[in-house]
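Everything on this sheet refers to the single structure shown next.
Every number here is computed from the coordinates shown, using simple stated rules; none is lab data. Treat the numbers as computed from the prediction; the structure is a model and nothing was measured. Cβ: placed from backbone, ideal geometry, glycine included. Neighbour counts: every protein chain shown.
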Amino acid sequence: MPQDKRVTNRSELPSGRRLDRRTVLRGAALGAASPLIPAQAATALSGHGGRGSGSAAGSTSFRWLGTAGWRIDVGDRTVLFDPYLTRFPTGLYEGAFDPQTPLQTRPEVVDAHIGHPELILVSHSHWDHLADVPHIAKTTGARVVGTETTYHLLVALGVDAGQISVVKGGEVLDFGGIVVEVVPSLHSRNKKCAYFAPGTLNAPPTTVPSTISDLPEGDTLAFQVTAGDSGPSAFLMGASDFSERAVRGLRPDLAMIAVPSSTATHRYVPRLLRTLDTPSVVVPVHWDNFEVPLSGPPVRDPAMDLDAFLAQVRKVSPAARVVVPDYRTVYDGTMRPTSA
């Protein structure tokens, strides 16, 4: 689920290997905003690229799917992370959030963005990360990697159990040259240091999930995906908190970092960047209004202070290249735009 959600009626909701390379405070939604650092200008911010080098970087591309989602193409192979594309309204951005909003998937919207994925990585089970995964898994046959909660929810929603790999964090999985390191992580916290819609499933749900309140968090993971032996490596977050001990030693080339909605996590940006050994490229995610269609430019979530996040990144890691992504740009393995 998106960050803390600033929801006042929470009572209605259910409760490695080291790679050696370098609340409801919503009002009217803000107007469409151009990235503070346009994708086209990203190359001017720094002359150096990521720590990975070699042919794999040239054959890898990244597309931001909005919220925390990514499509990563390595040659003709596709990996998806937290692909939420339908972006249906819940009242969240109008100050009238309805936890009984029915789950929805719009196949024509989803299919236009996903290519032919062979792997889907799921950070946690809130609707803005999981809602489109059942459709994608059932129609493409892609393998899903996620928590036990994600497993039980997907099976209840009709996904073949044999298609799902349950992980806990700490696994280093080799999918034929695409290496996925599973990282134990934490969900974002609100200003009261509380989680939104916590809860885990250790058995199938009693009924088929039908509303967004039927999808509890189910613990949170991060992933580091590395293309081939020479990179690039990308650290992918689905929520704005982390386990410092679990992240230490990853050293990714690219860090896709969730923007926090509060200061509840102590020194979030400095601790994370230093623990990741100051990645060469930092990409903020989960700062957009995820009920606005992907057909237009990103609209900022008014509860996320993207400007403050960017200022902290520049202060902690002034040499890093910061790329604020948009929906329409395809980026190469160093997060430089290749096409729109």
(message) Relative to 2.2 N^0.38 Å, what does the C-alpha radius of gyration of segment 63-185 come to as a ratio? Two decimals please.
(response) 1.05
(message) Using each residue's phi in segment 299-311, evaluate 6.51 cos²θ - 1.76 cosθ + 1.60 at θ = phi - 60° and report the 3J(HN,Hα) Karplus result to the nearest Hz, with x for Gly and Pro.
(response) 10, 5, 6, x, 8, 9, 8, 5, 4, 5, 4, 4, 5
(request) Among L236, L173, L273, rank each residue by its count of other Cβ atoms within 10 Å, from fewest to most, as a rough exposure measure. (result) L173, L273, L236
(message) Averaging over every viewing direction, what projected area does the convex hull of the Cα atoms of segment 150-298 cover, in nm²?
(response) 10.8 nm²
(message) 5 Å is the cut-off here: which amide hydrogens, built 1.01 Å from N in the peptide plane, fall below it relative to I257, excluding neighbours closer than 5 in sequence?
(response) V283, V285
(message) Just want the ordering: F62, F223, from fewest to most Cβ atoms lying within 10 Å of their own Cβ.
(response) F62, F223
(request) Principal axes first, then extents: for the Cα atoms of segment 235-340, list largest minus smallest coordinate on each axis, whole Å, largest first. (result) 39, 30, 23
